[in-house]
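S.K.: My questions will all concern the structure given below.
The values are calculated or read from the model by the stated rules, or taken from the named source; none is laboratory data. Just so you know, these numbers come straight off a predicted model, no measurement behind them. Methodologically, a virtual Cβ is constructed for each residue, glycine included, from the backbone with ideal geometry; neighbour enumeration extends over all protein chains shown.
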C-alpha cells in the first residue's frame, strides 16, 4: 500500500470508497499519514476527496481506563505503538511509540510491533477510514503480535457532536478482551 510514505498516495486496488459525502473514486482518497516519536509533535491529516478529517483529542492527566486495564493484565509488552495516540499522554506514560495523523507528523515506521493499542479512534472515523486503520495496524504487527482496539459503548446511536465530529457505534468481528457499559476492547492477533 502507498499508505504511510508521507506522500499523498491513492490506495492501490481500490476503485471506490464510501465517505460521508457519498461514494467517491479511490483516486480522490489520499493519505498523509505519518509516524513520530514522542519527542516530535506537529500536524498532519487524512484527506478523503476534498474533506479533511481532524478530530479532537482530549488532554489527560491520567492514563485512559483501557490502557490501565491492559497494563494491569500485563498485555502491554515488547515494542509498543499507540496508534491514534492523540496528544500522546498514554504513549508517554507507558513508554510507547506514538502515531496519530491528526496531531503528529513523520513517516509511518518500517518497524513492526509486539503490541499496538488503538483507543477510541474507530468511533470518530468513517467506515472507509476504519478499514484503512485496521489494515495499517495489522501490517505493523510482528508475527504473534497483538493489537488492542478500544471502542466506546456509552453511546446509543451514531451522531455528530456540537463541533461536527462523528461518534459512531462500532462492532468488530474480533475476540473481546474486556466489555463494560463504557467501552469494549477487541484483540487482533497476527498469527503466522
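S.K.: Looking only at region 93-137, count how many residues are touching a residue at least 60 places away in the same chain (Cβ under 8 Å), over 23 Å from residue 171 (Cβ atoms) and more than 10 Å from the chain's Cα centre (by Cα).
M.R.: The qualifying residues number 9.
S.K.: Mind listing just one residue for me: the one in region 134-160 that is in contact with a helix residue (DSSP H, G or I) (Cβ under 9 Å, 6 or more places away or on another chain) and surrounded by 21 or more Cβ atoms within 10 Å (Cβ to Cβ) and, of those, nearest to residue 80 (Cα to Cα)?
M.R.: 147
S.K.: Of the residues in region 166-185, how many are exposed (fewer than 15 other Cβ atoms within 10 Å of the Cβ) and either in contact with a helix residue (DSSP H, G or I) (Cβ under 6 Å, 6 or more places away or on another chain) or in contact (Cβ under 8 Å) with a residue 60 or more places away in the chain (or both)?
M.R.: 1
S.K.: Among the residues of region 90-109, which ones are modelled with pLDDT under 80 and either out of contact with any strand residue (DSSP E or B) (no Cβ under 8 Å at 6 or more places or on another chain) or not in a loop (DSSP other than H, G, I, E, B) (or both)?
M.R.: Of everything in region 90-109, those that are modelled with pLDDT under 80 and either out of contact with any strand residue (DSSP E or B) (no Cβ under 8 Å at 6 or more places or on another chain) or not in a loop (DSSP other than H, G, I, E, B) (or both) turn out to be 103, 107.
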